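Note sheet for the following structure.
What follows draws every value from the coordinates through simple rules; no lab data is involved. Fair warning: this is a prediction, and the values are worked out from it, not measured in the lab. We place every Cβ from the backbone using ideal geometry, glycine too, and count neighbours over all the protein chains shown.
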Amino acid sequence: MAELKRTVGPGQMMLYGIGSMLGAGIYGLVGRAAGVMGGAMWLAFLLAMTAALLTGLSYASIASRYPRAAGAAYATQRAFRTPWLSYLVGLTVVASGIASAATQSKVVALNLNTLFGLDFGFSVLGAPLEVLLLAVGFVLLVGGIVWRGITESLWANTACTLIEASGLVLVIAVGLRFWGQGDLTEVPITATNPEGLVTASLLLQGALLTFFSFLGFEDMLNVAEEVKAPERNMPIAMIGAMLVVCTLYMLVAITAVSVVPWHELATAPAPLRAVIERAAPWFPAIGFTFITIAAVANTALVNYVMGSRMLYGLAKQGLLPAALGKVHATRQTPHVAVMVLFVIIVALQFAGDISQLAGATVLLLLLVFTIVNAALIVLTRREGKLKGRFNAPIALPAGGAVICAVLMGGQLLQVDWRAPAIAGGIVAAILVLYLTTARGRAMPQE
């Protein structure tokens, strides 16, 4: 029977991780963070970075100890031996990937249409026909790359990663000379914070917002079966990718508020473009459009790869139909899972606005991180340190679990109830699906 092939080295894996975390979010998130934290938004990134690193180190340990697709679900099952919980973890991650890939496909289509200026004069379910066609074409292109092979997927990821990272490096390079011109401790004065102090509540609010820019490290775990010597290379790639991204984010945050006052950043439709326009007016505006397209396309690609490997891994673990675990004889990719995802993502193009669904799945990822951190604690206590593997000290997953639980609680207490309601609906739907399709299926423990 055909299996996934191990062709990915640590360098390619690190670039894959950098691309999965950078995404397009940081290009707009800087403005939103400035609106919450003012010139002190770097503190929010610092706190979010700490939270992400703790969970990232847990994922690196799991990737080294149990290098397999759907590793989060596998670790959960191995630790708690509760199939419904493992199923919930696996399908929650798949749902987040599908929602993100579908959303990013629409964003790419909108940006492409800005360049091409198409107008067919027709709409389908409220969406312009030309945008839908561009989105479907983009999904077909990405699906073809993922079906072709992991090597081709990682080359495409590398190209997009270099483009989107170059945008952030450009911001830092042209803005360095402005360092020292902005107040890095000034925060907005509000009714709840009339003295403009950096309070614990404000830091939590800022960390909740900026934590989402670090999401993506979990996607790396799902291609572990295609990495050479994963016991050694996966931790190196995951930790290296997180350190690179954390450094870039901190430098971008400080640079942005140094070049453009934070209250202007907060209202700018494209905050980093505003930084470039002020620090490097010679840079063509269309350049940032291409960078945005590359960043968004990369997010969609990474989520497509992740989703297909999650379906494959869950099928191999007995929690989804066996057909999803089939591997193409020549391409050595999970071709059935790739085709199923294509159908779902294309269908979502006609489902209208799914941004709330995407927001809800981010909330669910915090639940997944809490469970996975707890699973690593149980496994470390039960199995001890595994020779030749990266073994994170128990204090790291314990800290990660606590911080993720606090962030999840903070998100639940936000004024907008729709994301928690949708998240609850997703949990209910996944559990119903488990009871009707997967209950009683055996799940291998080794």
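For the ranges 173-182, 32-41, 303-312, what's the packing order if you count other beta-carbon atoms within 10 Å of each residue, average per peptide, and put the highest first?
303-312, 32-41, 173-182
With springs only between Cα atoms under 10 Å, which of VAL124, VAL340, VAL169 fluctuates most in a Gaussian network model of the chain?
Looking only at VAL124, VAL340, VAL169, the biggest GNM fluctuation is shown by VAL124.
Among LEU251, LEU91, LEU115, which one moves the most in a GNM of the chain with springs linking Cα atoms closer than 10 Å?
Result: LEU115 has the largest fluctuation of those listed.
Mind checking the full-extension length gain between ARG81 and ARG232? Use 0.36 nm per residue of separation minus the Cα-Cα distance, one decimal, nm. Don't jump to the answer; show the numbers that get you there.
Numbers: separation 151, 0.36 × 151 = 54.36 nm, distance 2.67 nm.
That pair, ARG81 and ARG232, stretches by 51.7 nm at full extension.
Of the listed peptides 43-52, 12-21, 329-338, 273-282, what is their order by residue-averaged count of other C-beta atoms within 10 Å, with the highest listed first?
Numbers: 43-52: 22.7, 12-21: 26.0, 329-338: 19.7, 273-282: 17.0.
Peptide ranking by packing, descending: 12-21, 43-52, 329-338, 273-282.
So for the pair TRP179, TRP417, with labels modelled 7 Å out along Cα→Cβ, what separation do we get in nm?
Once both label points are built, they end up 4.8 nm from each other.
Given the rule -39500 (n - 2.57) for each run of at least 4 DSSP H residues, summed and divided by the residues of the chain, what is its mean residue ellipticity at 222 nm, to the nearest 500 deg cm²/dmol? Please report the intermediate quantities before stating the final value.
Values: 17 runs with 311 residues, N = 446.
Calculated mean residue ellipticity at 222 nm is -23500 deg cm²/dmol.
Using alpha carbons only, how many angstrom separate the centre of the range 7-50 from the centre of the range 402-431?
22
Divide, for the range 57-110, the radius of gyration over alpha carbons by 2.2 N^0.38 Å, where N is the residue count.
Numbers: Rg = 14.2 Å, N = 54, 2.2 N^0.38 = 10.0 Å.
Against the compact-globule rule of thumb, the ratio is 1.42.
Under a point spin-label approximation (7 Å from Cα along Cα-to-Cβ), what is the ALA428-GLN205 distance to one decimal in nm?
3.1
What distance in nm separates the simple spin-label points at THR267 and PHE283, each placed 7 Å from Cα in the Cβ direction?
The two pseudo-label positions are separated by 2.3 nm.
Between the alpha-carbon centers of the range 213-249 and the range 154-209, tell me the distance in whole angstrom.
Using only Cα atoms to place each centre, the spacing works out to 22 Å.
Tell me which DSSP H helices of the chain clear both cut-offs, 27 Å or more of axial length from alpha-carbon atoms and a mean Kyte-Doolittle hydropathy of at least -0.5. Walk me through the numbers before you get to the answer.
On the way: long enough: 41-65 (36 Å, 1.35); 83-116 (49 Å, 1.05); 129-148 (28 Å, 2.14); 150-175 (37 Å, 1.35); 230-259 (43 Å, 1.49); 285-316 (47 Å, 1.11); 355-383 (41 Å, 1.50).
Those that clear 27 Å and a mean of -0.5 are 41-65, 83-116, 129-148, 150-175, 230-259, 285-316, 355-383.
In a Debye calculation with equal point scatterers on the alpha-carbon sites of the range 10-438 and no solvent, what is log10 I(q)/I(0) at q = 0.06, 0.08, 0.11 Å⁻¹?
Calculated log10 I(q)/I(0) at the listed q: -0.24, -0.43, -0.83.
Once you have a ≥ b ≥ c as the square roots of the Cα gyration tensor eigenvalues for the range 372-433, tell me rounded if a/c is under 1.5, and otherwise prolate or oblate according to whether a/b is larger than b/c. Walk me through the intermediate numbers first.
On the way: a/c = 4.46, a/b = 1.95, b/c = 2.29.
Cα axes put the range 372-433 in the oblate bin.
How large is the Kirkwood hydrodynamic radius of the range 110-195, counting all unique pairs of alpha carbons, in Å? Can you show the working numbers first?
Values: mean 1/r = 0.0564 Å⁻¹.
With all distinct Cα pairs of the range 110-195 included, I get 17.7 Å.
Picking from CYS246, PRO284, GLY56, whose Cα lies most toward the positive end of the charge dipole for the chain (charges on Cβ: Lys, Arg +1; Asp, Glu -1)?
Positive-end residue among those listed: GLY56.
What lysines sit close enough to LYS316 to cross-link, taking a C-alpha to C-alpha distance under 23 Å and skipping anything fewer than 8 places away on the same chain?
Counting by Cα, and skipping residues close in sequence, LYS316 has these lysines nearby: LYS5, LYS228, LYS326.
Over the range 20-79, one equal point on each Cα, no solvent: what is log10 I(q)/I(0) by the Debye formula at q = 0.14, 0.18, 0.23 Å⁻¹?
-0.58, -0.75, -0.92
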